[in-house]
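*Asks:* Once you've had a glance at the structure underneath, I'll fire off some questions.
The values are calculated or read from the model by the stated rules, or taken from the named source; none is laboratory data. Source: prediction; values computed, not measured. Methodologically, a virtual Cβ is constructed for each residue, glycine included, from the backbone with ideal geometry; neighbour enumeration extends over all protein chains shown. Ligands, DNA and RNA are excluded from the accessible area calculation, which covers all protein heavy atoms including side chains. Shrake-Rupley method; radii C 1.70, N 1.55, O 1.52, S 1.80 Å.
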Amino acid sequence: MDNITLIFTGIEFEPDKVFKFLRLNKVRQSLKADQTILFSRPVGKHKSGWMFSINMKKGTIKCSGGPTTTFFGFNAWVSLNESVQMKAIVDILHQKLAAIKGITFPEQPDPTVHRVEVTHLYPFRDLAEINDAELAIYQSLVIRYPGRVQIAGATFEMPGVVRVGHTKSTSTLRLYPEVTKFAKKPKHVDQAKWDALATKLENYMRVETMYTATQLKKDELHLASGWAKPAAIMGLVDKRMHEAGLRGVLPQDLDALKELVTPTPSTAPLRVIDNWMKGKPIKSNGTWTKAQEKAKKCGFDLTRPFKQQALLAHRFVDRFDADKVYKLPSELRSDKGLFNRWWEGGKA
């Protein structure tokens, strides 16, 4: 889990005390037209930068930042599951904000998850195979999300970033090699430990799926407390991965599709499929729905032109199954030199 925006609600403010506290602590702030106070502050042992937005009229504080850098001082793979991460970052932010004089939180704060990213790693043979996969997946995504897909940052030696969405804040999916996270070693990590982690993860693809509050609400994950249900989180990821053609997609069987319409289509749904394969216009109705069911059993989708179907398929779909999600071995996961859970015994 990373790149999250949380909104604490039901907060009571004493404006004079808040402004005085911010001034005495030399917090650079800006006051917007709607009386929202914006400022940035370092959070946690590694001084990760977070943006905060106080709206005294609404009784809210919006927090935006990166949990992984807050936890560990770097953004390589994390040794925590999403449920534990959510509880930890909410506690850290609550403790940080509660220290501001003039702010009173509800007895049990349960912030809204406005936006969040879930990150998983998947194994590949080497960087060359990751590069081949990215190119094939890029073509598939262009068909699935026309006008929204881009690939950037690639070199001859290193695959780039494939993104669905024009900007970081509007993206719904990103794929890139995990090894790019190791370009710069954080000062607090021993070089040998850093190299060991980088070597372990050099042939993994990082897949980030992003969600808005509206999307999260459908799965009852719009409140931080809802993230105590790992199955709901995995279900959310499953749906996004399936939508992107990365998981749970039937392989295309062109011979089986052709058999449906050869020599002459015998029913209305089969005639729809035949017309679709010939590039003729088809109407969306009950017959179309039945035709779509038959086409999907063969791995095809009538919502897109037949001539684009070959690009929808890629040979890497089995690499992203839920049981392929990588977990670090315990010796790395429990190494405090890499993943020191500092917040469990100290101040945020």
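*Asks:* Any idea how many residues of the range 150-192 are under 20 Å from residue 116 (Cα atoms), of a type outside the set (Ser, Thr, Tyr) and open to solvent by 20 Å² or more (accessible area, probe 1.4 Å)?
*Replies:* Within the range 150-192, the first condition is being under 20 Å from residue 116 (Cα atoms), and the residues that meet it are 161-176, 178, 181.
This time we only want the ones that are of a type outside the set (Ser, Thr, Tyr), so: 161-166, 168, 173-175, 178, 181.
With the extra rule that they be open to solvent by 20 Å² or more (accessible area, probe 1.4 Å), the set shrinks to 161, 163, 166, 168, 174, 181.
The qualifying residues number 6.
*Asks:* Which one is nearest to residue 224 (Cα to Cα) among residues in the range 1-22 that are assigned to a helix (DSSP H, G or I) and open to solvent by less than 40 Å² (accessible area, probe 1.4 Å)?
*Replies:* We begin by selecting, within the range 1-22, every residue assigned to a helix (DSSP H, G or I); these are 15-22.
Those still in the list that are open to solvent by less than 40 Å² (accessible area, probe 1.4 Å) too: 18, 22.
Details: 18: 25, 22: 27 Å.
Per the stated criteria, the residue is 18.
*Asks:* Condition test on residue 244, is it within 34 Å of the chain's Cα centre (by Cα), of a type in the set (A, V, I, L, M) and either over 30 Å from residue 210 (Cβ atoms) or open to solvent by 50 Å² or more (accessible area, probe 1.4 Å) (or both)?
*Replies:* Numbers: within 34 Å of the chain's Cα centre (by Cα): yes; of a type in the set (A, V, I, L, M): yes; either over 30 Å from residue 210 (Cβ atoms) or open to solvent by 50 Å² or more (accessible area, probe 1.4 Å) (or both): no.
In short, no.
*Asks:* Could you give every pair whose Cβ atoms fall below 6 Å, whose first residue belongs to the range 311-331 and is in contact (Cβ under 8 Å) with a residue 60 or more places away in the chain, and whose second residue is open to solvent by 70 Å² or more (accessible area, probe 1.4 Å), counting only separations of at least 6 or pairs across chains?
*Replies:* Note: pairs meeting the criteria are 311/139.
*Asks:* For the range 222-249, name all the residues that are in a helix (DSSP H, G or I) and basic (Lys, Arg). It would help to see each step written out before you state the result.
*Replies:* Filtering the range 222-249 for residues in a helix (DSSP H, G or I) gives 224-228, 230-243.
Listed by number, the residues that qualify are 239, 240.
*Asks:* Shifting gears a bit: Would you point out the residue of the range 81-93, among those that are within 17 Å of residue 117 (Cα to Cα) and hydrophobic (A, V, I, L, M, F, W, C), that is surrounded by the most Cβ atoms within 10 Å (Cβ to Cβ)?
*Replies:* Within the range 81-93, the first condition is being within 17 Å of residue 117 (Cα to Cα), and the residues that meet it are 81-90.
Still in the running and hydrophobic (A, V, I, L, M, F, W, C): 84, 86, 88-90.
Working: 84: 16, 86: 25, 88: 19, 89: 29, 90: 22.
Ranking the candidates gives 89 first.
*Asks:* Any residue at all in the range 130-147 that is part of a loop (DSSP other than H, G, I, E, B), open to solvent by 20 Å² or more (accessible area, probe 1.4 Å) and among the β-branched types (Val, Ile, Thr)?
*Replies:* So far as the range 130-147 goes, no, none of its residues is part of a loop (DSSP other than H, G, I, E, B), open to solvent by 20 Å² or more (accessible area, probe 1.4 Å) and among the β-branched types (Val, Ile, Thr).
*Asks:* Another question, if that's okay. Just to verify a result, which residue in the range 22-44, among those that are in contact (Cβ under 8 Å) with a residue 24 or more places away in the chain and in contact with a strand residue (DSSP E or B) (Cβ under 8 Å, 6 or more places away or on another chain), is nearest to residue 58 (Cα to Cα)?
*Replies:* Start the filter on the range 22-44 by keeping residues that are in contact (Cβ under 8 Å) with a residue 24 or more places away in the chain, which leaves 22, 41, 43-44.
Among the residues that remain, those that are also in contact with a strand residue (DSSP E or B) (Cβ under 8 Å, 6 or more places away or on another chain) are: 22, 41, 43.
Numbers: 22: 19, 41: 22, 43: 24 Å.
Only one residue fits best here, namely 22.
*Asks:* Pick out the one residue from 219, 195 that is free of Cβ contacts under 8 Å to residues at least 24 places away in the same chain, outside any loop (DSSP other than H, G, I, E, B) and surrounded by fewer than 17 Cβ atoms within 10 Å (Cβ to Cβ). Please lay out each step first, then the result.
*Replies:* Values: 219 fails: outside any loop (DSSP other than H, G, I, E, B).
Going through 219, 195 in turn, the sole match is 195.
*Asks:* Another question about this same structure. Only residues that are at pLDDT below 90 and either part of a loop (DSSP other than H, G, I, E, B) or aliphatic (A, V, I, L, M) (or both): list them for the range 23-58, please.
*Replies:* 25, 26, 27, 28, 31, 32, 33, 34, 35, 36
*Asks:* Could you count how many residues in the range 60-102 are touching a residue at least 12 places away in the same chain (Cβ under 8 Å) and in a helix (DSSP H, G or I)?
*Replies:* 21
*Asks:* How do the pairs read when you match residues in the range 163-180 that are touching a residue at least 60 places away in the same chain (Cβ under 8 Å) with residues anywhere that are open to solvent by 60 Å² or more (accessible area, probe 1.4 Å), using Cβ under 8 Å and keeping only pairs 6 or more apart or on different chains?
*Replies:* Short answer, once both residue conditions are applied: 164/148; 178/202.
*Asks:* Is it true that some residue in the range 160-168 is in a helix (DSSP H, G or I) and either of a type in the set (Val, Ile, Thr) or over 18 Å from the mean Cα position of the chain (by Cα) (or both)? First the steps, then the outcome.
*Replies:* Kept after step one, since they are in a helix (DSSP H, G or I), are these residues of the range 160-168: 168.
With the extra rule that they be either of a type in the set (Val, Ile, Thr) or over 18 Å from the mean Cα position of the chain (by Cα) (or both), the set shrinks to none.
So far as the range 160-168 goes, no, none of its residues is in a helix (DSSP H, G or I) and either of a type in the set (Val, Ile, Thr) or over 18 Å from the mean Cα position of the chain (by Cα) (or both).
*Asks:* Okay, moving on. Quick check on my filter: what residues within the range 250-262 are assigned to a helix (DSSP H, G or I) and open to solvent by less than 20 Å² (accessible area, probe 1.4 Å)? Walk me through it before giving the result.
*Replies:* Looking only at the range 250-262, we keep the residues that are assigned to a helix (DSSP H, G or I), and these are 254-260.
Scanning the range 250-262 gives a single hit, 257.
*Asks:* Take the residues in the range 51-80 that are of a type in the set (D, E, K, R) and more than 17 Å from residue 115 (Cα to Cα), then tell me which one is most open to solvent (accessible area, probe 1.4 Å).
*Replies:* Here is the first cut: in the range 51-80, the residues of a type in the set (D, E, K, R) are 57-58, 62.
Then keep just the ones that are more than 17 Å from residue 115 (Cα to Cα); that gives 57-58.
Values: 57: 190, 58: 154 Å².
Looking at the filtered set, the residue picked out is 57.
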